[in-house]
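See below for the structure under consideration.
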Amino acid sequence: MSASFPLPYRIRHSKKAKHLRLVARPEGIELVVPSAVSETRALAFLHQHRDWAERKLSEMRSITAQLQPFQRLENGSTLPFQGREVPLLVREHAGRKPQVQYDGRFLVSVPAGSSENQQHLTLSALFDWAKAWIREQAETIVQRHATRFRLYPRQIRVKRMRSRWGSCGPRNDINLNWLLAFAPLSVLEYVVVHELCHIRHRNHSADFWKLVAQHLPGYAAERLWLRRNGAALLRRFE
Ligand SMILES: [Zn+2]
């Protein structure tokens, strides 16, 4: 990997490649250069696609970063979001309903003088927020993947689930665990795709995993994230 460009990258010359291509890998960007293309042109291509490359690398880093195991849900602590820890601010307000705003930090407003404890109110406010957020994201993800093999869910529901990240019912209703809002976005995408693939295969056979890989060739990283961080994620929102 070279360090001169702001992004770590490596050039791979390929006789088989027909076009210039960028591949994101955990250690940096791989620039695949066909024999007919000069290095100068290849580097210009990398510069041109720098935004894409930066986004892919940061996605990849968020998938390899370990989730902090324990943080209380209270003012001044943090919440995991999009692969980073972001500040959590909790304050009391005059309204009767809890509210959540996100502007790079989570701002939770809970009713003043309520008999319920603040942590409980914060948790339920975040649940409502996460539900709406996941629905919106899931819609985009479904649009991206469903048409390819005609895997259309009847509806998507976001729920509190203790032991699963998602499920697909016999009538193709997909349920998603609300805590996926606090996992990296590519993990949510993986879970949605996993459940979409159950519309075709109601099992975890080799054919099922082949179908998942056709949608998301690199899904192993997201599976690993859930295996490594799933328990910590559940614990943080207990
Ligand atoms: Zn499954």
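Out of all the residues in region 120-141, which are open to solvent by 20 Å² or more (accessible area, probe 1.4 Å) and farther than 21 Å from GLN71 by Cβ?
LYS131, ALA132, ARG135, GLU136, GLN137, GLU139, THR140
Yes/no matrix, rows are residues, columns are (1) within 29 Å of ARG55 (Cα to Cα); (2) open to solvent by less than 60 Å² (accessible area, probe 1.4 Å); (3) under 13 Å from the mean Cα position of the chain (by Cα); (4) charged (D, E, K, R):
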| position | (1), (2), (3), (4) |
| --- | --- |
| ARG144 | yes, no, no, yes |
| MET161 | no, yes, no, no |
| LEU180 | yes, yes, yes, no |
| ALA206 | no, no, no, no |
| LEU211 | yes, yes, no, no |
| PRO217 | yes, no, no, no |
| GLU222 | yes, yes, yes, yes |
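Enumerate the helices (runs of 4 or more DSSP H) found wholly within region 152-238, keeping only those where 2 or more residues are within 11 Å of the ligand (Cβ to nearest atom).
On the way: elements: 185-200, 206-215, 220-236.
Once the helices (runs of 4 or more DSSP H) in region 152-238 are filtered for at least 2 residues that are within 11 Å of the ligand (Cβ to nearest atom), what remains is 185-200, 206-215.
If you go through region 142-151 one residue at a time, how many are among the aliphatic types (A, V, I, L, M) and within 16 Å of the ligand (Cβ to nearest atom)? Spell out how you get there, then give the answer.
So the first thing to find is which residues in region 142-151 are among the aliphatic types (A, V, I, L, M), and the list is 142, 146, 151.
So of that shortlist, the ones also within 16 Å of the ligand (Cβ to nearest atom) come out as 151.
Result for region 142-151: 1.
Test of understanding: among TYR152, TYR190, which residue is in the same structural domain as LYS131 (by TED's automatic domain parsing), exposed (fewer than 14 other Cβ atoms within 10 Å of the Cβ) and among the aromatic types (Phe, Trp, Tyr)? Steps first, answer last, please.
Values: TYR190 fails: exposed (fewer than 14 other Cβ atoms within 10 Å of the Cβ).
Just one listed residue meets the conditions, TYR152.
On the given criteria, is GLY95 over 21 Å from the mean Cα position of the chain (by Cα), free of Cβ contacts under 8 Å to residues at least 60 places away in the same chain and farther than 22 Å from HIS204 by Cβ?
Values: over 21 Å from the mean Cα position of the chain (by Cα): yes; free of Cβ contacts under 8 Å to residues at least 60 places away in the same chain: yes; farther than 22 Å from HIS204 by Cβ: yes.
Answer is yes for this residue.
The values are calculated or read from the model by the stated rules, or taken from the named source; none is laboratory data. Owing to the predicted nature of the structure, the values given are computational and were not obtained by experimental measurement. Here the Cβ is made from the backbone with ideal geometry for all residues, glycine too, and neighbour counts use every protein chain on show. Side chains included, ligands, DNA and RNA excluded: accessible areas come from the protein's heavy atoms. Shrake-Rupley method; radii C 1.70, N 1.55, O 1.52, S 1.80 Å.
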